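Have a look at the structure below before the remarks.
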Amino acid sequence: MREMYSAARGSGRSFGIRAAVALCGVLVATLAGLAGGAAQGQETEEETRKTAATPPYRATVVARGLALPWGLDFFPNGDAIVTERDSGRVLRVSPGGKVRTIQVIPEGGEGEGGLLGVALAPDFAQSREVYAYVSTRRDNRVVVFKPGGTPRAVFTGIPVGRIHNGGRIAFGPDGKLYIGTGDAGNTALSQQRGSLGGKILRINRDGTVPSDNPFGSAVWTYGHRNVQGLAWDGVGRMYATELGQATFDEVNRIVQGENYGWPEAEGPSSNPAYRNPLATFNPDNASPSGATVYRSNRIRAWRGDLFFAALKGERLWRLDRDDRGNVVRKNYLLRGTYGRLRAVEEGPNGALWLLTSNGTNDRVVRLSPR
């Protein structure tokens, strides 16, 4: 049975555990200060009120009637490519709202599995290659296809389960394909460097392992629970969003070869073997999914900010960063406006595009500079 479309939808959390530790989590979140910004697990309201009073953007619903859209990227002409998790449809959505199916990729995943992330090759205009992350009954895998053509597997063997399938893929500034995976419900996998579960992977476009990967395998970082968003800033620093279990959701600065602690650590840890999160969030306000760093000058107040879509939190988080990439303030937009948000990407002309994840009549939303 597919996940429920309640607050639990898409998070893969253990809610019995959360109920037992919720009060403790709030206390920890309050005490764990974030240097130069809001306390860990808390959001800042002041900037949100200012933004709501004079928003620098105009929100437009581009398309309606989608069914659990998941992955988002852009064609060279500015149209969006969108995947639907359960239907297997690959959609082309124009800025004017025209939606057409350009591909159907059958998938055999259950629960949170399905047709998930999508990324156009950096040279798409020449190669016409599209990469997608898809669940089968045996594994999660990355396939490549040309629109209308037959998908071909380029990387297989990622653990699959009803929960924690990861699924976000993106090409980095180095031209390599990065893949966020989950522990597939088996927490032990995250600390096993020989497993592809609970990792961020890095591969060449043909599925081979780059020679400069840290462990001689596709593994780039490990100790993750369920990676959902991947993003880079203008100087090449990498960030990832990750679903916690009961106390802390995370935004991590990704550094090759590092161990991010799961399941031994959730949120900040005193163990020097684990790299601590850049920022943490109360799970009730977050359940983070797709992420992007705003590059355009069209909304100057946003330049360099890290945005991520929140599922249970039903908002778009905005993280102000300093020159070293540290988070100095956390605030949000669109709280409760469109329900659960699955993806956010910067699109053409300095606009942010969002996908909702409410289960029925899902939407593509665009935040355009005023």
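The values are calculated or read from the model by the stated rules, or taken from the named source; none is laboratory data. Quick caveat, the model's predicted, so the values are computed rather than measured. Note that each Cβ is placed from the backbone with ideal geometry, even for glycine, and that neighbours are counted across all protein chains shown.
Among the residues of the range 177-231, those that are free of Cβ contacts under 8 Å to residues at least 12 places away in the same chain and hydroxyl-bearing (S, T, Y) comprise T208, S211.
Among the residues of the range 76-109, those identified as in a loop (DSSP other than H, G, I, E, B), farther than 14 Å from V364 by Cβ and out of contact with any helix residue (DSSP H, G or I) (no Cβ under 6 Å at 6 or more places or on another chain) are N77, R85, D86, S87, G88, I105, P106, E107, G108, G109.
A count restricted to the range 210-261 and to residues that are surrounded by fewer than 24 Cβ atoms within 10 Å (Cβ to Cβ), within 18 Å of R168 (Cα to Cα) and of a type in the set (S, T, N, Q) stands at 1. Is it true that D323 is at pLDDT 95 or above and among the acidic types (D, E)? It is false that D323 is at pLDDT 95 or above and among the acidic types (D, E). Tally time: how many residues in the range 112-152 are aliphatic (A, V, I, L, M) and over 22 Å from the mean Cα position of the chain (by Cα)? Residues meeting the conditions: 1.
Within the bounds of the range 110-124, is there any residue that is among the acidic types (D, E), surrounded by 23 or more Cβ atoms within 10 Å (Cβ to Cβ) and either outside any strand (DSSP E or B) or in contact with a Lys or Arg (Cβ under 6 Å, 6 or more places away or on another chain) (or both)? Yes, that holds for at least one residue. Could you pull out the residue among R298, R275 that is more than 20 Å from L116 (Cα to Cα) and surrounded by fewer than 19 Cβ atoms within 10 Å (Cβ to Cβ)? Matching residue, one of R298, R275: R298.
Being free of Cβ contacts under 8 Å to residues at least 60 places away in the same chain, closer than 25 Å to G182 by Cα and within 18 Å of the chain's Cα centre (by Cα) is a property that holds for A310.
Applying the condition of being hydrophobic (A, V, I, L, M, F, W, C) and more than 25 Å from T83 (Cβ to Cβ) to the range 309-360 and asking which residue is surrounded by the fewest Cβ atoms within 10 Å (Cβ to Cβ) yields V328. Of the residues contained in the range 143-151, one or more are found to be touching a strand residue (DSSP E or B) at 6+ places or on another chain (Cβ under 6 Å), free of Cβ contacts under 8 Å to residues at least 40 places away in the same chain and not charged (D, E, K, R).
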